[in-house]
Amino acid sequence: MDIRETVLRGRRVVLEPLRVEHAEELIPQVADDDGMWTWYTAPPRTLDAMRSWIEARRAPFAEGKALAFAQRDAASGRLFGSTSIFDIDARFRSAEVGHTWIAAPWRGTGVNTEAKLLLFRHCFETLGLVRVQIATHAANARSRKAIEKVGGTFEGVLRSFRIAPDGTPRDTAIYSIVATEWPAVKARLTTMVEAPGPAAS
């Protein structure tokens, strides 16, 4: 499996390799956005924390286990978030898509749908994966709805799977898309992305 950094281009969003220097452009948009960090176990609210967060996302790339992306508005050129393919397992041809966040002005504009189309297409058609997992806090209704909207199939809840920022155990909802489902998911996402107006949150 050839894991290499690449740029994934869509009409609304460009996914480019995440770099530490992106932190300075990203942090002013998100540092004070309490709503975005509600469900994060370690929210990067300061410039140093954002740099460390980016370094953590990038580190597994050296072992061929992750691809971290900055999300850039294709029209304005502004950075507005991040997303990743991680826990890449070449033996079992699986990975997870996540570590996703989007600054407030871009939520509900369709960028998430297009980004997921780009990520899933790279997973299934370039990396040759047979399973892509998506996980979120079991109580995060917005995230779960978005995952279901882009084609994730609910598999169950892993109880006390993470520790929340307040120290309490966090239940995690697990979704997936498998290779046999990809053609139908791809067709649906493509229709959503090409429709006029916002495609999804």
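Read the figures in this text as sums done on the coordinates, not as results from a lab. Predicted model, so just to flag it, every value in this text is computed and none were measured. Reconstructed Cβ throughout: ideal geometry from the backbone, glycine too, with neighbour counts over all protein chains shown.
Grab the beta carbon distance between A141 and E63, set R0 = 30 Å, and tell me the FRET efficiency rounded to 0.05.
Computed FRET efficiency for A141 and E63 comes out at 0.30.
Of all DSSP beta bridges in the stretch 8-194, what percent run antiparallel (nearest 5)?
Among the beta bridges of the stretch 8-194, antiparallel pairing accounts for roughly 90 percent.
At 222 nm, what helix-only mean residue ellipticity would the chain give, in deg cm²/dmol to the nearest 500, using -39500 (n - 2.57) for each DSSP H run of four or more?
-8000 deg cm²/dmol
If I take every Cα pair under 8 Å that is 6 or more residues apart in the stretch 8-194, average their sequence separation and divide by the length, what percent do I get for the relative contact order?
The normalised contact order for the stretch 8-194 reaches 19 percent.
When only alpha-carbon atoms are used, what values of Rg and Dmax, in angstrom, describe the stretch 8-194?
Computed over the Cα atoms of the stretch 8-194, radius of gyration and Dmax are 15.7, 43 Å.
Relative to the present Cα-Cα distance, how much length would full extension add between E125 and E25 at 0.36 nm per residue of separation?
The E125-E25 span can extend by a further 32.9 nm.
For the stretch 30-117, state which chymotrypsin sites (Phe, Trp or Tyr not before Pro) are in a DSSP loop and have at most 13 other beta carbons lying within 10 Å of their beta carbon.
Passing sites in the stretch 30-117 are F92.
Which whole number in µm²/s is D for the stretch 84-201 by Stokes-Einstein, with the Kirkwood Rh taken over Cα pairs at 37 °C and 0.692 mPa s?
221 µm²/s
Relative to the Cα centre, what is the charge dipole magnitude of the chain, using +1 at the beta carbon of each Lys and Arg, -1 at the beta carbon of each Asp and Glu, and rounding to the nearest 20 debye?
I would put it at about 480 debye.
For the chain, modelled as a Gaussian network with Cα springs under 10 Å, which listed residue fluctuates most, R107, R91, R144?
Result: R91 has the largest fluctuation of those listed.
Fewest Cβ neighbours within 10 Å first, please rank T100, T38 accordingly.
By the 10 Å Cβ count, ascending: T38, T100.
Please work out how much length the chain gains when fully extended from A75 to T38, using 0.36 nm per residue of separation minus the C-alpha to C-alpha distance, in nm with one decimal.
Full extension of this stretch gives 10.4 nm more.
What full-extension length gain, to one decimal in nm, is calculated for S160 and D89 as 0.36 nm per residue of separation minus the Cα-Cα distance?
23.2 nm
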